Amino acid sequence: MTISAQLESISSQDGNGSVAEGIHREVIFPASGAGVALVSRQLKAEESGALIIAGSATGSLFTLPTPVAGMWFEYEVTIAASSNEHKVITNSITTEFLVGAVISASATVAEGMDCFVADGTANAVSISMNGTTTGGAVGTRLVFTAISTTQWFVKGVNQGSGGAVTDPFDAS
Amino acid sequence: MTIPAEKYELSSRDPDGCVWKGARREIITALSSGLTNYQLTPAQSGALVVFNDLTGALYTLPTPVAGMWFEFWTQLACTSNEYKVITKTIASEFILGAVTATHATVASSGTAYPSVVATANVSMNLNGTTTGGVPGDNFILTAISTTAWMLSGWNVQSGSTATPLSTS
């Protein structure tokens, strides 16, 4: 059997588009094991569109799937990491990169906002948030959208505290 | 007739996922004016609620079920009352998260207003100036449990700055 590369469409195929009233999101909220602390939770293609919750004080680690244009994941922090960090990383760090920018603001520093850029190269394969200066405080919201087989477009608001905000993007 | 608690699923269940072509949002506008409450429903989850009334508006969220979400956007600042979004049962349904606040009239501004624990704040209140609700203001509330709405977004303010979150 040949597997079609074309994804199945849930659209009505009407030329005017379609609306899904009352649509709910899939919510991925690991309480233990994969996705908590240093144990990676491998996100799947079939989970595209889900809301990922980083909700452990011991941090979290989510690995994006191999990007296919159009996939997207939304990521939010409900509890800041007080140990380890909240981290999202590409599946293959030698060939899959983050491109985009996040706005970081601090709840404890007045006029403490800054913008950090992911340049779409090996300099940016992960975003790592320590719960304070690199962000990842409660309310952090990021969106990762695959725009090709090698790049994830990242945007969002990264909430920091405890001092001047610093760059959360990393090469590893 | 028994209504199943399970939601109809739009996915094809193909492990590669599926694509929703021509996707459109429901837009909710002018269903509330001033202090007149409009009760949002589960059937409206995913909608964009537009604030565009000079006398403000009042929207009440439905009882949260994980995965529901509503987005709010200010088109026109109110000049009386406020734009308010409140949970349905304030004794047991709370808002958790943060908004990043910026001044439309102050350069190099910017701060964050967090609601760190899901046991206190129950509403967003945008007065058109200090607590936000200036055009461009945009935030999302997503239900992550039966008691918590996750808040994230931008709060555009003018004048001095203050939190839009409230316990009532």
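Could you grab me the full set of residues in segment B:71-93 that are crowded, with 22+ Cβ neighbours inside 10 Å and part of a strand (DSSP E or B)? Once the filter is applied, which keeps residues that are crowded, with 22+ Cβ neighbours inside 10 Å and part of a strand (DSSP E or B), segment B:71-93 yields B:72, B:74, B:83, B:84, B:85. Within segment B:145-166, not a single residue is within 13 Å of chain A (Cβ to nearest Cβ), part of a loop (DSSP other than H, G, I, E, B), in contact (Cβ under 8 Å) with a residue 40 or more places away in the chain and among the hydrophobic types (A, V, I, L, M, F, W, C). Residues that are hydrophobic (A, V, I, L, M, F, W, C), assigned to a loop (DSSP other than H, G, I, E, B) and touching a residue at least 60 places away in the same chain (Cβ under 8 Å) within segment A:126-170 comprise A:137, A:138, A:147, A:165, listed in sequence order.
Residues that are under 13 Å from the mean Cα position of the chain (by Cα) and surrounded by fewer than 16 Cβ atoms within 10 Å (Cβ to Cβ) do occur in segment A:147-162.
Within this structure, residue A:85 passes the test of being buried (at least 22 other Cβ atoms within 10 Å of the Cβ) and among the acidic types (Asp, Glu). Looking across segment B:118-143, the residues that are free of Cβ contacts under 8 Å to residues at least 40 places away in the same chain and either more than 10 Å from chain A (Cβ to nearest Cβ) or touching a Pro at 6+ places or on another chain (Cβ under 8 Å) (or both) come down to B:119, B:130.
Does segment B:54-64 contain any residue that is in contact (Cβ under 8 Å) with a residue 40 or more places away in the chain, in a strand (DSSP E or B) and touching a strand residue (DSSP E or B) at 6+ places or on another chain (Cβ under 9 Å)? Taking every residue of segment B:54-64 in turn, none turns out to be in contact (Cβ under 8 Å) with a residue 40 or more places away in the chain, in a strand (DSSP E or B) and touching a strand residue (DSSP E or B) at 6+ places or on another chain (Cβ under 9 Å).
When B:109, B:115, B:92 are checked against the criterion of being more than 14 Å from chain A (Cβ to nearest Cβ) and not aromatic (Phe, Trp, Tyr), B:92 stands alone in meeting it.
Values in this text are rule-based calculations from the coordinates and carry no lab data. These numbers were taken from a predicted model, which means no experiment stands behind them. Don't worry about glycine lacking a Cβ; one is built from the backbone with ideal geometry, like all the others, and counts go over all protein chains shown.
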